[in-house]
Amino acid sequence: MPYFQVNRKLLLMKIHYFLGIGGYAPFSPFLTTISKQRGYSAFIVGLIFMLQPIPGMLIRPIVGAITDKYKCRRSVFIASSIITFVLVCLLSIIPGTTSKEEMNDVDAIKSPLFWIFFTTIALINMDGTVKSVLEDTICMDLLGKDKNNYGKQRLWGSIGWSMFAIISGACVDWYSAGLEYKNYAPGYVIALLCFLLDIYVVFKLKVVQENDTKIVASDVKKVFTEGKVLAFLLWVVLIGFFISFIWNFVFWYLEDLSNVFHPETKSWMKTLQGVALLIQCFGGEVPSFLFSSYILKRVDHMTIFSVVFFTFTCIYSLYTIIENPLWALPVELLNGITFALSYSAAISYAARITPAGAEGTLQGVVGTAYTGIGAPIGSFVGGYMFKHFGSIASFKVLSVVAFFTCVIQIIVNYILRRFSKNEDVKDIYTKVQTKDVNIEEDVTLTS
(Lines give C-alpha, C1' and ligand atoms only; values in the text may rest on other atoms or scores of the structure.)
Protein backbone atom coordinates (compact mmCIF):
# COMPACT_ATOMS: atom_id res chain seq x y z
CA MET A 1 0.00 0.00 0.00
CA PRO A 2 1.41 3.45 -0.89
CA TYR A 3 0.82 4.91 2.57
CA PHE A 4 3.25 2.43 4.13
CA GLN A 5 6.12 2.59 1.63
CA VAL A 6 9.37 3.91 3.13
CA ASN A 7 11.19 6.61 1.18
CA ARG A 8 14.89 6.05 1.93
CA LYS A 9 15.64 9.68 1.17
CA LEU A 10 13.32 10.68 4.05
CA LEU A 11 14.13 7.80 6.43
CA LEU A 12 16.56 9.77 8.62
CA MET A 13 14.05 12.63 8.78
CA LYS A 14 11.45 10.21 10.13
CA ILE A 15 13.90 8.82 12.69
CA HIS A 16 14.79 12.36 13.78
CA TYR A 17 11.12 13.24 14.31
CA PHE A 18 10.67 9.99 16.27
CA LEU A 19 13.60 10.65 18.62
CA GLY A 20 13.80 14.44 18.57
CA ILE A 21 10.12 15.03 19.36
CA GLY A 22 9.64 11.82 21.32
CA GLY A 23 12.47 12.83 23.62
CA TYR A 24 10.37 15.66 25.05
CA ALA A 25 7.48 13.34 26.00
CA PRO A 26 8.99 11.89 29.22
CA PHE A 27 9.06 15.32 30.91
CA SER A 28 7.50 18.14 28.85
CA PRO A 29 3.79 17.16 29.20
CA PHE A 30 4.31 16.71 32.93
CA LEU A 31 5.88 20.12 33.60
CA THR A 32 2.59 21.61 34.83
CA THR A 33 2.08 18.79 37.34
CA ILE A 34 5.77 18.92 38.28
CA SER A 35 5.27 22.63 38.97
CA LYS A 36 2.12 21.86 40.94
CA GLN A 37 4.07 19.31 43.02
CA ARG A 38 6.58 22.05 43.79
CA GLY A 39 3.75 24.03 45.36
CA TYR A 40 3.22 26.59 42.59
CA SER A 41 -0.33 27.85 42.05
CA ALA A 42 -2.21 27.64 38.75
CA PHE A 43 -1.53 31.36 38.26
CA ILE A 44 2.24 30.89 38.68
CA VAL A 45 2.20 27.89 36.35
CA GLY A 46 0.29 29.94 33.78
CA LEU A 47 2.82 32.74 34.21
CA ILE A 48 5.68 30.28 33.61
CA PHE A 49 4.15 28.98 30.42
CA MET A 50 3.30 32.48 29.24
CA LEU A 51 6.83 33.83 29.71
CA GLN A 52 8.95 30.81 28.78
CA PRO A 53 8.06 30.88 25.03
CA ILE A 54 8.95 34.59 24.66
CA PRO A 55 12.71 34.05 24.04
CA GLY A 56 11.79 31.40 21.47
CA MET A 57 9.23 33.72 19.90
CA LEU A 58 11.91 36.36 19.38
CA ILE A 59 14.63 34.03 18.12
CA ARG A 60 12.53 31.79 15.85
CA PRO A 61 12.08 34.17 12.87
CA ILE A 62 15.63 35.49 13.38
CA VAL A 63 17.14 32.00 13.13
CA GLY A 64 15.01 31.29 10.07
CA ALA A 65 16.21 34.47 8.36
CA ILE A 66 19.89 33.98 9.33
CA THR A 67 20.02 30.36 8.19
CA ASP A 68 18.35 31.38 4.91
CA LYS A 69 20.83 34.18 4.31
CA TYR A 70 24.09 32.54 5.43
CA LYS A 71 23.25 28.95 4.39
CA CYS A 72 24.16 27.53 7.80
CA ARG A 73 21.04 25.45 8.44
CA ARG A 74 22.89 22.19 9.09
CA SER A 75 25.40 23.67 11.57
CA VAL A 76 22.71 25.42 13.62
CA PHE A 77 20.55 22.29 13.58
CA ILE A 78 23.39 20.15 14.99
CA ALA A 79 24.26 22.76 17.63
CA SER A 80 20.64 23.05 18.80
CA SER A 81 20.37 19.25 19.16
CA ILE A 82 23.47 19.16 21.38
CA ILE A 83 22.21 22.10 23.46
CA THR A 84 18.90 20.29 24.03
CA PHE A 85 20.76 17.32 25.56
CA VAL A 86 22.78 19.60 27.86
CA LEU A 87 19.75 21.57 29.06
CA VAL A 88 17.70 18.46 29.87
CA CYS A 89 20.68 17.19 31.88
CA LEU A 90 20.55 20.46 33.83
CA LEU A 91 16.78 20.22 34.37
CA SER A 92 17.12 16.70 35.74
CA ILE A 93 19.56 17.75 38.48
CA ILE A 94 17.73 20.87 39.73
CA PRO A 95 17.00 20.20 43.42
CA GLY A 96 13.44 18.93 43.73
CA THR A 97 11.16 20.62 46.19
CA THR A 98 7.74 19.31 47.18
CA SER A 99 4.99 21.07 49.05
CA LYS A 100 1.70 19.74 50.43
CA GLU A 101 0.28 23.24 50.46
CA GLU A 102 0.20 25.78 47.69
CA MET A 103 2.91 28.41 48.05
CA ASN A 104 2.11 32.09 48.17
CA ASP A 105 2.65 33.54 44.70
CA VAL A 106 5.06 36.24 45.92
CA ASP A 107 7.10 33.73 47.94
CA ALA A 108 7.33 31.45 44.92
CA ILE A 109 8.63 34.25 42.70
CA LYS A 110 11.23 35.23 45.32
CA SER A 111 12.60 31.69 45.52
CA PRO A 112 15.98 31.12 43.74
CA LEU A 113 14.89 27.56 42.88
CA PHE A 114 11.90 28.97 41.03
CA TRP A 115 14.14 31.10 38.80
CA ILE A 116 16.55 28.22 38.13
CA PHE A 117 13.59 26.02 37.21
CA PHE A 118 11.95 28.71 35.06
CA THR A 119 15.18 29.72 33.27
CA THR A 120 16.01 26.13 32.38
CA ILE A 121 12.50 25.53 31.00
CA ALA A 122 12.67 28.77 29.02
CA LEU A 123 16.04 27.82 27.50
CA ILE A 124 14.77 24.34 26.60
CA ASN A 125 11.76 25.91 24.92
CA MET A 126 13.89 28.47 23.07
CA ASP A 127 16.23 25.78 21.79
CA GLY A 128 13.24 23.62 20.89
CA THR A 129 11.75 26.41 18.76
CA VAL A 130 15.04 26.72 16.87
CA LYS A 131 15.01 22.97 16.21
CA SER A 132 11.37 23.07 15.19
CA VAL A 133 11.72 25.75 12.52
CA LEU A 134 14.86 24.09 11.12
CA GLU A 135 13.50 20.54 11.06
CA ASP A 136 10.28 21.62 9.34
CA THR A 137 12.19 23.72 6.79
CA ILE A 138 14.62 20.87 6.10
CA CYS A 139 11.74 18.45 5.76
CA MET A 140 9.96 20.72 3.25
CA ASP A 141 13.18 21.02 1.22
CA LEU A 142 13.58 17.24 1.13
CA LEU A 143 9.95 16.83 0.05
CA GLY A 144 10.43 19.16 -2.91
CA LYS A 145 7.16 19.45 -4.82
CA ASP A 146 5.39 16.93 -2.57
CA LYS A 147 4.94 19.37 0.33
CA ASN A 148 1.49 17.99 1.14
CA ASN A 149 3.28 14.81 2.30
CA TYR A 150 4.69 16.68 5.30
CA GLY A 151 2.22 14.96 7.61
CA LYS A 152 3.56 11.52 6.65
CA GLN A 153 6.97 12.57 8.01
CA ARG A 154 5.74 14.47 11.06
CA LEU A 155 3.53 11.59 12.23
CA TRP A 156 6.69 9.78 13.39
CA GLY A 157 7.13 12.53 15.96
CA SER A 158 3.66 11.72 17.29
CA ILE A 159 4.48 8.01 17.38
CA GLY A 160 7.66 8.71 19.36
CA TRP A 161 5.88 11.15 21.64
CA SER A 162 3.10 8.68 22.52
CA MET A 163 5.39 5.68 22.99
CA PHE A 164 7.87 7.43 25.25
CA ALA A 165 5.07 9.17 27.18
CA ILE A 166 3.35 5.92 28.18
CA ILE A 167 6.68 4.17 28.90
CA SER A 168 7.99 7.02 31.05
CA GLY A 169 4.61 7.50 32.79
CA ALA A 170 4.53 3.83 33.80
CA CYS A 171 8.19 3.96 34.90
CA VAL A 172 7.56 7.06 37.05
CA ASP A 173 4.57 5.39 38.76
CA TRP A 174 6.60 2.21 39.33
CA TYR A 175 9.66 4.11 40.61
CA SER A 176 7.47 6.25 42.89
CA ALA A 177 5.53 3.36 44.46
CA GLY A 178 5.17 3.96 48.18
CA LEU A 179 6.40 7.56 47.92
CA GLU A 180 4.27 10.55 48.81
CA TYR A 181 5.37 12.39 45.65
CA LYS A 182 6.22 11.34 42.13
CA ASN A 183 9.91 10.93 41.28
CA TYR A 184 10.47 11.82 37.61
CA ALA A 185 14.06 10.50 37.37
CA PRO A 186 13.14 7.61 34.97
CA GLY A 187 11.52 10.11 32.61
CA TYR A 188 14.65 12.24 32.44
CA VAL A 189 16.82 9.18 31.75
CA ILE A 190 14.59 8.11 28.84
CA ALA A 191 14.59 11.67 27.46
CA LEU A 192 18.39 11.91 27.58
CA LEU A 193 18.82 8.59 25.77
CA CYS A 194 16.48 9.79 23.01
CA PHE A 195 18.30 13.10 22.57
CA LEU A 196 21.71 11.40 22.57
CA LEU A 197 20.64 9.09 19.73
CA ASP A 198 19.04 12.03 17.92
CA ILE A 199 22.37 13.92 17.88
CA TYR A 200 23.87 11.03 15.89
CA VAL A 201 20.91 11.04 13.47
CA VAL A 202 21.14 14.81 12.93
CA PHE A 203 24.86 14.48 12.09
CA LYS A 204 23.96 11.93 9.41
CA LEU A 205 20.96 13.87 8.06
CA LYS A 206 21.41 15.31 4.56
CA VAL A 207 20.61 19.02 4.52
CA VAL A 208 20.34 20.56 1.06
CA GLN A 209 20.44 24.37 0.89
CA GLU A 210 20.85 26.06 -2.46
CA ASN A 211 23.62 28.68 -2.56
CA ASP A 212 22.42 30.54 -5.65
CA THR A 213 18.95 31.44 -4.41
CA LYS A 214 18.56 35.12 -3.59
CA ILE A 215 15.90 36.36 -1.22
CA VAL A 216 13.97 39.31 -2.59
CA ALA A 217 12.80 41.43 0.37
CA SER A 218 9.98 42.97 -1.66
CA ASP A 219 8.55 39.50 -2.33
CA VAL A 220 8.53 38.68 1.39
CA LYS A 221 6.98 42.07 2.22
CA LYS A 222 4.29 41.55 -0.41
CA VAL A 223 3.26 38.26 1.18
CA PHE A 224 2.69 39.90 4.58
CA THR A 225 0.55 42.70 3.13
CA GLU A 226 -2.04 40.36 1.65
CA GLY A 227 -5.32 40.22 3.59
CA LYS A 228 -5.69 36.45 3.33
CA VAL A 229 -2.17 35.92 4.71
CA LEU A 230 -2.80 38.27 7.66
CA ALA A 231 -6.07 36.43 8.36
CA PHE A 232 -4.19 33.11 8.16
CA LEU A 233 -1.67 34.29 10.77
CA LEU A 234 -4.51 35.46 13.03
CA TRP A 235 -6.16 32.02 12.87
CA VAL A 236 -2.81 30.39 13.64
CA VAL A 237 -2.44 32.61 16.74
CA LEU A 238 -5.96 31.67 17.92
CA ILE A 239 -5.33 27.96 17.36
CA GLY A 240 -2.16 28.30 19.44
CA PHE A 241 -4.25 30.05 22.12
CA PHE A 242 -6.83 27.25 22.33
CA ILE A 243 -4.38 24.37 22.05
CA SER A 244 -2.26 25.73 24.92
CA PHE A 245 -5.07 24.75 27.31
CA ILE A 246 -4.75 21.17 26.08
CA TRP A 247 -0.96 21.16 26.23
CA ASN A 248 -0.63 22.80 29.65
CA PHE A 249 -3.79 22.24 31.67
CA VAL A 250 -5.45 18.93 30.74
CA PHE A 251 -3.20 16.97 33.11
CA TRP A 252 -4.00 19.53 35.83
CA TYR A 253 -7.69 19.01 35.04
CA LEU A 254 -7.32 15.21 35.25
CA GLU A 255 -5.70 15.50 38.68
CA ASP A 256 -8.55 17.78 39.81
CA LEU A 257 -11.07 15.13 38.73
CA SER A 258 -9.05 12.51 40.59
CA ASN A 259 -8.87 14.57 43.79
CA VAL A 260 -12.56 15.52 43.80
CA PHE A 261 -14.40 12.54 42.31
CA HIS A 262 -12.08 9.50 42.08
CA PRO A 263 -9.17 9.56 44.57
CA GLU A 264 -8.52 5.85 43.86
CA THR A 265 -6.86 6.89 40.57
CA LYS A 266 -4.10 8.92 42.26
CA SER A 267 -1.62 6.04 42.56
CA TRP A 268 -1.56 5.43 38.79
CA MET A 269 -2.25 8.96 37.56
CA LYS A 270 1.03 9.26 35.61
CA THR A 271 0.25 6.02 33.78
CA LEU A 272 -3.23 7.35 33.03
CA GLN A 273 -1.73 10.59 31.71
CA GLY A 274 0.70 8.59 29.60
CA VAL A 275 -2.22 6.58 28.17
CA ALA A 276 -3.96 9.88 27.40
CA LEU A 277 -0.96 10.95 25.31
CA LEU A 278 -0.83 7.52 23.67
CA ILE A 279 -4.47 7.81 22.59
CA GLN A 280 -4.00 11.43 21.53
CA CYS A 281 -1.02 10.57 19.33
CA PHE A 282 -1.84 7.11 17.96
CA GLY A 283 -5.58 7.60 17.81
CA GLY A 284 -5.70 11.22 16.67
CA GLU A 285 -2.38 12.66 15.50
CA VAL A 286 -0.92 9.71 13.57
CA PRO A 287 -4.00 9.07 11.35
CA SER A 288 -4.47 12.82 10.84
CA PHE A 289 -0.84 13.36 9.85
CA LEU A 290 -0.94 10.22 7.68
CA PHE A 291 -3.95 11.35 5.67
CA SER A 292 -3.22 15.08 5.82
CA SER A 293 -1.79 15.09 2.29
CA TYR A 294 -4.98 13.47 0.97
CA ILE A 295 -7.13 15.95 2.90
CA LEU A 296 -5.11 19.05 1.95
CA LYS A 297 -5.37 18.19 -1.75
CA ARG A 298 -9.17 18.19 -1.50
CA VAL A 299 -10.05 20.62 1.29
CA ASP A 300 -9.14 24.30 1.52
CA HIS A 301 -6.69 25.19 4.31
CA MET A 302 -9.07 27.73 5.82
CA THR A 303 -11.90 25.17 5.86
CA ILE A 304 -9.64 22.89 7.89
CA PHE A 305 -9.14 25.73 10.36
CA SER A 306 -12.94 26.07 10.65
CA VAL A 307 -13.20 22.36 11.46
CA VAL A 308 -10.44 22.72 14.06
CA PHE A 309 -12.20 25.61 15.83
CA PHE A 310 -15.47 23.64 15.92
CA THR A 311 -13.59 20.64 17.31
CA PHE A 312 -12.18 22.82 20.11
CA THR A 313 -15.80 23.71 20.98
CA CYS A 314 -16.69 20.02 21.26
CA ILE A 315 -13.59 19.18 23.32
CA TYR A 316 -14.13 21.91 25.90
CA SER A 317 -17.85 21.10 26.15
CA LEU A 318 -17.07 17.45 26.88
CA TYR A 319 -14.59 18.40 29.60
CA THR A 320 -17.36 20.22 31.47
CA ILE A 321 -19.51 17.07 31.90
CA ILE A 322 -16.85 14.46 32.71
CA GLU A 323 -16.27 13.35 36.33
CA ASN A 324 -14.21 10.16 35.95
CA PRO A 325 -10.68 10.80 34.57
CA LEU A 326 -10.99 7.60 32.51
CA TRP A 327 -13.80 9.14 30.46
CA ALA A 328 -11.46 11.95 29.43
CA LEU A 329 -9.37 9.45 27.45
CA PRO A 330 -11.68 9.24 24.39
CA VAL A 331 -11.59 13.03 24.15
CA GLU A 332 -7.85 12.77 23.52
CA LEU A 333 -8.68 11.45 20.05
CA LEU A 334 -10.09 14.88 19.20
CA ASN A 335 -7.09 16.63 20.77
CA GLY A 336 -4.79 14.71 18.44
CA ILE A 337 -6.88 15.59 15.39
CA THR A 338 -6.93 19.32 16.18
CA PHE A 339 -3.15 19.56 16.52
CA ALA A 340 -2.21 17.36 13.56
CA LEU A 341 -4.62 18.91 11.07
CA SER A 342 -4.02 22.51 12.14
CA TYR A 343 -0.22 22.12 12.19
CA SER A 344 -0.10 20.33 8.83
CA ALA A 345 -2.36 22.95 7.26
CA ALA A 346 -0.30 25.82 8.71
CA ILE A 347 3.09 24.41 7.61
CA SER A 348 1.76 23.45 4.17
CA TYR A 349 0.10 26.83 3.56
CA ALA A 350 3.25 28.68 4.65
CA ALA A 351 5.31 26.58 2.22
CA ARG A 352 2.88 27.42 -0.61
CA ILE A 353 3.07 31.19 -0.16
CA THR A 354 6.82 31.35 0.56
CA PRO A 355 9.01 33.21 -1.98
CA ALA A 356 12.05 31.27 -3.18
CA GLY A 357 14.90 31.35 -0.67
CA ALA A 358 12.79 32.54 2.27
CA GLU A 359 11.52 29.15 3.44
CA GLY A 360 13.03 29.41 6.93
CA THR A 361 11.78 32.98 7.38
CA LEU A 362 8.14 32.14 6.66
CA GLN A 363 8.18 28.92 8.68
CA GLY A 364 9.68 30.89 11.56
CA VAL A 365 6.89 33.47 11.42
CA VAL A 366 4.18 30.80 11.38
CA GLY A 367 5.83 28.94 14.25
CA THR A 368 6.07 32.18 16.21
CA ALA A 369 2.38 32.86 15.68
CA TYR A 370 1.47 29.32 16.78
CA THR A 371 3.72 28.68 19.78
CA GLY A 372 5.28 32.11 20.42
CA ILE A 373 2.18 34.32 20.54
CA GLY A 374 -1.00 32.24 20.72
CA ALA A 375 0.22 29.57 23.15
CA PRO A 376 1.82 31.98 25.70
CA ILE A 377 -1.33 34.14 25.81
CA GLY A 378 -3.43 31.01 26.29
CA SER A 379 -1.11 29.79 29.05
CA PHE A 380 -1.40 33.04 31.01
CA VAL A 381 -5.18 33.27 30.56
CA GLY A 382 -5.48 29.58 31.46
CA GLY A 383 -3.46 30.00 34.65
CA TYR A 384 -5.63 32.92 35.73
CA MET A 385 -8.88 31.09 34.91
CA PHE A 386 -7.88 27.82 36.59
CA LYS A 387 -6.84 29.68 39.74
CA HIS A 388 -9.94 31.89 40.05
CA PHE A 389 -12.70 29.85 38.33
CA GLY A 390 -11.53 26.25 38.55
CA SER A 391 -10.89 23.81 35.72
CA ILE A 392 -14.48 22.86 34.82
CA ALA A 393 -15.82 26.45 34.81
CA SER A 394 -12.84 27.51 32.70
CA PHE A 395 -13.65 24.91 30.04
CA LYS A 396 -17.28 26.09 29.99
CA VAL A 397 -16.14 29.61 29.12
CA LEU A 398 -13.67 28.31 26.56
CA SER A 399 -16.31 26.24 24.76
CA VAL A 400 -18.38 29.40 24.15
CA VAL A 401 -15.33 31.43 23.03
CA ALA A 402 -14.24 28.67 20.65
CA PHE A 403 -17.73 28.45 19.12
CA PHE A 404 -17.92 32.18 18.36
CA THR A 405 -14.36 32.10 17.01
CA CYS A 406 -15.44 29.34 14.63
CA VAL A 407 -18.43 31.38 13.42
CA ILE A 408 -16.35 34.54 12.91
CA GLN A 409 -13.63 32.60 11.08
CA ILE A 410 -16.16 31.09 8.67
CA ILE A 411 -17.66 34.52 7.92
CA VAL A 412 -14.27 36.18 7.39
CA ASN A 413 -13.11 33.28 5.23
CA TYR A 414 -16.24 33.59 3.07
CA ILE A 415 -15.73 37.36 2.63
CA LEU A 416 -12.04 36.95 1.71
CA ARG A 417 -12.88 34.21 -0.77
CA ARG A 418 -15.50 36.37 -2.48
CA PHE A 419 -13.12 39.33 -2.55
CA SER A 420 -10.37 37.13 -4.01
CA LYS A 421 -12.71 35.91 -6.77
CA ASN A 422 -13.66 39.49 -7.63
CA GLU A 423 -9.97 40.42 -7.85
CA ASP A 424 -9.33 37.43 -10.13
CA VAL A 425 -12.19 38.49 -12.41
CA LYS A 426 -10.83 42.05 -12.59
CA ASP A 427 -7.35 40.71 -13.46
CA ILE A 428 -8.76 38.54 -16.24
CA TYR A 429 -10.83 41.47 -17.60
CA THR A 430 -7.77 43.75 -17.53
CA LYS A 431 -5.65 41.16 -19.35
CA VAL A 432 -8.36 40.69 -22.01
CA GLN A 433 -8.61 44.48 -22.52
CA THR A 434 -4.83 44.75 -22.80
CA LYS A 435 -4.76 41.92 -25.29
CA ASP A 436 -7.50 43.58 -27.41
CA VAL A 437 -5.60 46.89 -27.43
CA ASN A 438 -2.41 45.12 -28.52
CA ILE A 439 -4.29 43.38 -31.35
CA GLU A 440 -5.77 46.72 -32.53
CA GLU A 441 -2.30 48.31 -32.49
CA ASP A 442 -0.88 45.43 -34.51
CA VAL A 443 -3.71 45.75 -37.08
CA THR A 444 -3.15 49.52 -37.33
CA LEU A 445 0.59 49.07 -37.85
CA THR A 446 -0.02 46.42 -40.49
CA SER A 447 -2.42 48.70 -42.34
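The values are calculated or read from the model by the stated rules, or taken from the named source; none is laboratory data. Because the structure is predicted, anything quoted here is derived from the model rather than measured. Note that we place each Cβ from the backbone using ideal geometry, even for glycine, and neighbour counts take in every protein chain shown. We work out accessible area using only protein heavy atoms, side chains counted, and drop any ligands, DNA or RNA first. Shrake-Rupley method; radii C 1.70, N 1.55, O 1.52, S 1.80 Å.
At a glance:
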| item | result |
| --- | --- |
| Within the range 14-123, helices (runs of 4 or more DSSP H) holding 2 or more residues that are more than 30 Å from residue 385 (Cα to Cα) and touching a Ser or Thr at 6+ places or on another chain (Cβ under 7 Å) | 54-70, 73-93 |
| Residue, surrounded by the most Cβ atoms within 10 Å (Cβ to Cβ), within the range 315-353, restricted to residues that are more than 20 Å from the chain's Cα centre (by Cα) and not aliphatic (A, V, I, L, M) | 319 |
| Count of residues meeting criterion [farther than 16 Å from residue 135 by Cα and open to solvent by less than 10 Å² (accessible area, probe 1.4 Å)] in the range 156-171 | 4 |
| Pair list, Cβ < 7 Å and 6+ apart or interchain, from the range 280-293 residues that are touching a residue at least 40 places away in the same chain (Cβ under 8 Å) to residues that are part of a helix (DSSP H, G or I) and among the basic types (Lys, Arg) | 289/152; 289/154; 290/152; 293/152 |
| Residue within the range 176-186 that is assigned to a helix (DSSP H, G or I) and at pLDDT 90 or above present | yes |
| Selection status of residue 228, closer than 23 Å to residue 31 by Cβ and not hydroxyl-bearing (Ser, Thr, Tyr) | no |
| Enumerated helices (runs of 4 or more DSSP H) restricted to the range 331-447, each holding at least 3 residues that are at pLDDT below 85 and either in contact with a Leu (Cβ under 9 Å, 6 or more places away or on another chain) or acidic (Asp, Glu) (or both) | 331-353, 359-367, 391-446 |
| Failed condition for residue 145, given (1) within 25 Å of the chain's Cα centre (by Cα); (2) in a helix (DSSP H, G or I) | (2) |
| Positions within the range 38-67 being open to solvent by 40 Å² or more (accessible area, probe 1.4 Å) and touching a Phe, Trp or Tyr at 6+ places or on another chain (Cβ under 7 Å), in sequence order | 43, 50 |
| Condition met for residue 70 (surrounded by fewer than 18 Cβ atoms within 10 Å (Cβ to Cβ), among the aromatic types (Phe, Trp, Tyr) and out of contact with any Asp or Glu (no Cβ under 7 Å at 6 or more places or on another chain)) | yes |
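Yes or no, residue by residue, for (1) among the aromatic types (Phe, Trp, Tyr); (2) in contact with a Pro (Cβ under 9 Å, 6 or more places away or on another chain):
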{"position": "261", "(1), (2)": "yes, yes"}
{"position": "272", "(1), (2)": "no, yes"}
{"position": "276", "(1), (2)": "no, yes"}
{"position": "318", "(1), (2)": "no, yes"}
{"position": "330", "(1), (2)": "no, no"}
{"position": "336", "(1), (2)": "no, yes"}
{"position": "349", "(1), (2)": "yes, no"}
{"position": "352", "(1), (2)": "no, no"}
